[in-house]
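The values are calculated or read from the model by the stated rules, or taken from the named source; none is laboratory data. This structure is a prediction, so every number in the text was calculated from the model and none was measured. Because the Cβ atoms are built from the backbone with ideal geometry, glycine has one as well, and the counts that use them run over all protein chains shown. These area figures cover heavy atoms from the full protein model, side chains too; ligands, DNA and RNA do not enter into them. Shrake-Rupley method; radii C 1.70, N 1.55, O 1.52, S 1.80 Å.
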Amino acid sequence: MAIREITKQDIRGILKEHEQHRDSLIPILQGIQKKLGYISEEAVEVISSHLNISENDIYGVVTFYTQFRFTCPGDHILKVCQGTACHVRGCKRIMNEATKYLGISPGETTSDYKFSLDSVACFGSCALSPVVVIDNTVHGRMSAQKIKRLLKAIE
Amino acid sequence: MKFENIQQQAQREWEAFNRLERPRILIGAVTCGRAAGALSVRAAFEKELATRSIAADFYEVGCLGMCYAEPLVEIGLPDGQRVMYNNVTEKMVADLVEDVIENGNPRPDLALATLGDAAIEGIPDVSNLPMMEGQVRIILRNAGLIDPTNVHHYVARGGYSGLARALGMMPEEVIKEVKNSGLRGRGGAGFPTGIKWEFARRTQNNTKYVICNADEGDPGAFMDRAVLESDPHAVLEGLTIAAYAIDASQGFIYIRAEYPLAVERLNLAIRQMEELKFLGENIMGTDFNFSIRIKEGAGAFVCGEETALIASIEGRRGMPSSRPPFPSDCGLHGKPTIINNVETLANVSEILNRGAEWFTRYGTEKSRGTKTFALAGKINRTGLIEVPLGITLKDIIFNIGGGIPDGKKFKAVQTGGPSGGCLPEELIELPVNYEELTKAGSIMGSGGMIVMDEDSCMVDIARYFLEFTHKESCGKCTPCRMGSQHLLRMLTEITEGKGTPGHIDTLVKLGETVKSGSLCGLGQTAPNPVLTTVRYFRKEYLSHITDSRCPAGVCQELITYSINENCTGCRVCLRACPADAITGEKKELHVIDPDKCTRCGTCMDVCKFDAVVIS
Ligand SMILES: Cc1cc2nc3c(=O)[nH]c(=O)nc-3n(C[C@H](O)[C@H](O)[C@H](O)COP(=O)(O)O)c2cc1C
Ligand code: SF4
Ligand code: SF4
Ligand code: SF4
Ligand code: FES
């Protein structure tokens, strides 16, 4: 899949859902990312003039929070939990298997934009650790073998 | 509608829910249940029942806490038989439908427990299960028992009676009630809730705010998620009572973005409250007005800290600022603000319902009430429990949690997450309360408990936590930013066999400096995992440093993989090894070339004969 785009009109639609106030900055950014998958330069420009906050200031906020990304993610996002419970139960092996299988490191996207790989610090399903999330589905009791099967099934 | 009328309607719905006119299937289907496959199990049930033309009611309920046994399915039948089945798979569904629902055979071989009044030979009552015995459920009073999307279920079980009672009292009386209960904040620091409210009440201002802290950033903890998904109204009612007590008209829930189901449940619950006039203008016919908004976090652990959380709601980088002024004087947008944890608020609603005196029956003199703990790691019964404060670690880990799996030895338990400490076996009799845990170098924290066995390396664990806090440090103050970086560097060196005996003293000295010199709780507690592991597991540090040995067999640079005589020569590992490090003929002993081996562990995972060993 190619890089997704968003029109100025879409951005304005998202802006309209929120008060024109600094408090709305993060919810607006979240709205953009939900729609587009990432925060584009153009979106920052539009938000900047709408909320009267400098672009620098917005980049400062976007880079502070790990949720936001500046590059287009793949069709599927695999998140591997690196939280304490998952660490104790060997999530490193799962991450290794995922990086090997997809050929990318955490934070990267495959060149065909099929998969993105991320690490996350806990999904709150620690009792079923190790845990991975593919798109919006949480999978518990993972193993290196199971993750390979899951990824194969998606392909 | 008057509250009494709502209660009557709720009662009718609750009775109908429990009348079991036809088979009723309850599936634990919050995030943990879903991760174990609850939704596909539900679909399998629906399909199977449809093929057999059996009509039944389905409800997705919250988390009973027995996550290790998920997916959990309770089948209720018109004769009153209510049985819960554990680890249900799609394959088991046909049997359960045929035997249990069609033929009324409770299948004790598949059952975990009975619920309700009807006892069944060979199946224990749920309250007699070792995991449930010894628990006192105040915060989790409804979790797993009600349909969390039905406000009437909550009301029927005493919900919103606390709010109704509070609104009939003067705000000062409400605060006094909370003070008398002895409730302390469950977000980590344990500050007395009533006193915090009193400060905010006394500050004069036309605008005040209340915030529920649902950031739950401690990796390995999931108490707040489970409460919000299983019983959202318990928290929302508590927040509304807090607002009345300090005279706030706007509330927020700051919730981490990794919890989409909790957000969905909260949104629904807020709409239901508005419909029933538990929110909005003239709540319950009084002149009290209050509304609640949800703010989703954007992935920063430090935003769980009060002042950082406020900055984040204001659309800024979530960096803590120095206190005083405290938020109760000058918080969100400079207005008096109180911030309370999810669990604190779930306690408040029940305290107002049942009275402070009732609450003081549980816990100890200085630590009243109960606490939930998320049991995870190397423990048999992982899940969520609620116990009276003062219970020993041993009771939690061995009686409730069922001890350590695979016959391994208990080694340590981490309480309080990245801010807490690693407590060793010698302290297993320690009573769990704010004071004792602090004395031992750890903290109560929000309630994550990660149990570790002999296969966990304490240096690796300390390194793990420092990596986390270093990454999450906001960078505002040098002791935290640079200190955590150096602590992490030294710990990494030790795990790589590059440590010197001087490393240990430097770790302790630097750790103390970071603790005393940091601005916020993140830096002030970040060294705790290092300091406690050095204190209780110094020998393990020394093994790494002086013998270049990782006794637990975890630190990659210090271990070698080899194959012993159990090997049958099945060639499975040879084919799986990504480094082509294994050689051997079919049906003969295989060998690992240590120079080629990258210590990935794959061979150990795939060998069915326990022939791969670490030394
Ligand atoms: C780095 C850091 C992270 C925190 N994370 C949380 C959290 O996730 N949830 C929480 O309730 N409190 C958290 N706290 C504690 C809060 O600052 C605050 O004490 C608490 O929310 C107050 O509520 P309580 O009095 O009901 O406990 C954190 C504190 C620090 C320093
Ligand atoms: S102690 Fe750490 S997290 Fe807290 S303000 Fe200082 S640098 Fe930021
Ligand atoms: S998998 Fe195990 S038994 Fe089979 S060849 Fe390898 S070491 Fe031997
Ligand atoms: S640990 Fe990994 S690299 Fe080493 S022999 Fe086993 S499979 Fe091969
Ligand atoms: S530590 Fe992985 S889900 Fe919590």
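Residues that are over 21 Å from B:GLN135 (Cβ atoms), without any contact (Cβ under 8 Å) to a residue 40 or more places away in the chain and away from every other protein chain (no Cβ under 14 Å) number at least 2 in the following strands (runs of 3 or more DSSP E) confined to segment B:38-124: B:57-61. Of all the numbered requirements in (1) open to solvent by less than 10 Å² (accessible area, probe 1.4 Å); (2) away from every other protein chain (no Cβ under 13 Å), B:ALA311 misses one, and that requirement is (2). Among what's in segment B:251-309 and is among the aromatic types (Phe, Trp, Tyr) and within 19 Å of the chain's Cα centre (by Cα), pick the residue that is farthest from ligand 5 (Cβ to nearest atom). The extreme case among them is B:TYR254. Only a single criterion out of (1) open to solvent by 10 Å² or more (accessible area, probe 1.4 Å); (2) more than 16 Å from ligand 2 (Cβ to nearest atom); (3) touching a residue at least 60 places away in the same chain (Cβ under 8 Å); (4) more than 14 Å from chain A (Cβ to nearest Cβ) is not satisfied by B:HIS233, namely (1). Surrounded by fewer than 21 Cβ atoms within 10 Å (Cβ to Cβ), more than 27 Å from A:ALA127 (Cα to Cα) and modelled with pLDDT under 95, is that true of B:ALA50? It is false that B:ALA50 is surrounded by fewer than 21 Cβ atoms within 10 Å (Cβ to Cβ), more than 27 Å from A:ALA127 (Cα to Cα) and modelled with pLDDT under 95. The condition of being at pLDDT 95 or above and buried (at least 19 other Cβ atoms within 10 Å of the Cβ) holds for B:LYS196. Here A:HIS18 qualifies as without any contact (Cβ under 8 Å) to a residue 60 or more places away in the chain and touching a Pro at 6+ places or on another chain (Cβ under 6 Å). Note on segment B:452-482: among residues that are within 16 Å of ligand 5 (Cβ to nearest atom) and under 28 Å from B:PHE191 (Cβ atoms), the one that is most open to solvent (accessible area, probe 1.4 Å) is B:LYS471. Anything in segment B:580-593 that is under 21 Å from A:LYS92 (Cα atoms) and either surrounded by fewer than 13 Cβ atoms within 10 Å (Cβ to Cβ) or touching a residue at least 40 places away in the same chain (Cβ under 8 Å) (or both)? List them, or say none. Once the filter is applied, which keeps residues that are under 21 Å from A:LYS92 (Cα atoms) and either surrounded by fewer than 13 Cβ atoms within 10 Å (Cβ to Cβ) or touching a residue at least 40 places away in the same chain (Cβ under 8 Å) (or both), segment B:580-593 yields only B:ASP580.
Can you tell me which residues in segment B:199-211 are closer than 21 Å to B:CYS520 by Cβ and either free of Cβ contacts under 8 Å to residues at least 12 places away in the same chain or open to solvent by 60 Å² or more (accessible area, probe 1.4 Å) (or both)?
Scanning segment B:199-211 gives a single hit, B:PHE199.
Can you find even one residue in segment B:529-540 that is under 30 Å from B:MET482 (Cβ atoms), surrounded by fewer than 17 Cβ atoms within 10 Å (Cβ to Cβ), in contact with a helix residue (DSSP H, G or I) (Cβ under 8 Å, 6 or more places away or on another chain) and modelled with pLDDT of 95 or more? Scanning segment B:529-540, I find at least one residue that is under 30 Å from B:MET482 (Cβ atoms), surrounded by fewer than 17 Cβ atoms within 10 Å (Cβ to Cβ), in contact with a helix residue (DSSP H, G or I) (Cβ under 8 Å, 6 or more places away or on another chain) and modelled with pLDDT of 95 or more, so the answer is yes.
Here B:ALA164 fulfils each of the conditions (1) among the small types (Gly, Ala, Ser); (2) open to solvent by less than 10 Å² (accessible area, probe 1.4 Å); (3) out of contact with any Pro (no Cβ under 7 Å at 6 or more places or on another chain); (4) part of a helix (DSSP H, G or I) apart from (2). The single condition from (1) farther than 26 Å from B:LEU522 by Cβ; (2) open to solvent by less than 10 Å² (accessible area, probe 1.4 Å); (3) within 14 Å of another protein chain (Cβ to nearest Cβ) that B:ILE396 fails is (3). So which residues in segment A:86-135 are under 19 Å from B:PRO260 (Cβ atoms), within 12 Å of chain B (Cβ to nearest Cβ) and either of a type in the set (Lys, Arg) or within 16 Å of the chain's Cα centre (by Cα) (or both)? Answer for segment A:86-135, where residues must be under 19 Å from B:PRO260 (Cβ atoms), within 12 Å of chain B (Cβ to nearest Cβ) and either of a type in the set (Lys, Arg) or within 16 Å of the chain's Cα centre (by Cα) (or both): A:ASP118, A:SER119, A:VAL120, A:ALA121, A:CYS122, A:PHE123, A:VAL132, A:VAL133, A:ILE134, A:ASP135. Looking only at segment B:120-144, residues that are out of contact with any strand residue (DSSP E or B) (no Cβ under 7 Å at 6 or more places or on another chain) and open to solvent by 20 Å² or more (accessible area, probe 1.4 Å) come to 8 in all.
Scanning segment B:464-479 for residues that are more than 18 Å from B:GLY299 (Cβ to Cβ) and under 26 Å from the mean Cα position of the chain (by Cα) yields B:TYR464, B:PHE465, B:LEU466. Among the conditions (1) in contact with a helix residue (DSSP H, G or I) (Cβ under 6 Å, 6 or more places away or on another chain); (2) more than 14 Å from chain B (Cβ to nearest Cβ); (3) open to solvent by 20 Å² or more (accessible area, probe 1.4 Å); (4) farther than 15 Å from B:ARG316 by Cα, A:THR71 misses just one, which is (1). Just one residue in the set B:ALA226, B:ALA143 is assigned to a loop (DSSP other than H, G, I, E, B) and either in contact (Cβ under 8 Å) with a residue 40 or more places away in the chain or out of contact with any Ser or Thr (no Cβ under 7 Å at 6 or more places or on another chain) (or both); that residue is B:ALA143. Within segment B:319-347, restricting attention to residues that are farther than 15 Å from B:GLY194 by Cα and among the polar types (S, T, N, Q), the residue that is surrounded by the most Cβ atoms within 10 Å (Cβ to Cβ) is B:SER321.
Of the residues that make up segment B:483-501, is at least one in a helix (DSSP H, G or I), at pLDDT below 95, surrounded by fewer than 22 Cβ atoms within 10 Å (Cβ to Cβ) and more than 26 Å from the chain's Cα centre (by Cα)? Within segment B:483-501 (the criterion being in a helix (DSSP H, G or I), at pLDDT below 95, surrounded by fewer than 22 Cβ atoms within 10 Å (Cβ to Cβ) and more than 26 Å from the chain's Cα centre (by Cα)), the answer is yes, since at least one residue qualifies.
Here B:PRO424 meets each of (1) within 16 Å of ligand 1 (Cβ to nearest atom); (2) open to solvent by less than 10 Å² (accessible area, probe 1.4 Å) with one exception, condition (1). Against the conditions (1) assigned to a helix (DSSP H, G or I); (2) within 16 Å of ligand 1 (Cβ to nearest atom); (3) in contact (Cβ under 8 Å) with a residue 24 or more places away in the chain; (4) away from every other protein chain (no Cβ under 14 Å), B:PRO529 satisfies every one except (4).
Examine segment A:36-45 for a residue that is surrounded by fewer than 14 Cβ atoms within 10 Å (Cβ to Cβ) and modelled with pLDDT of 95 or more, and state whether such a residue exists. Within segment A:36-45, none of the residues are surrounded by fewer than 14 Cβ atoms within 10 Å (Cβ to Cβ) and modelled with pLDDT of 95 or more. Cβ-Cβ contacts under 6 Å between residues 6 or more apart (or on different chains), taken from a first residue in segment B:174-190 that is within 11 Å of ligand 1 (Cβ to nearest atom) to a second residue that is aromatic (Phe, Trp, Tyr) and part of a helix (DSSP H, G or I), are listed as B:GLY190/B:TYR434.
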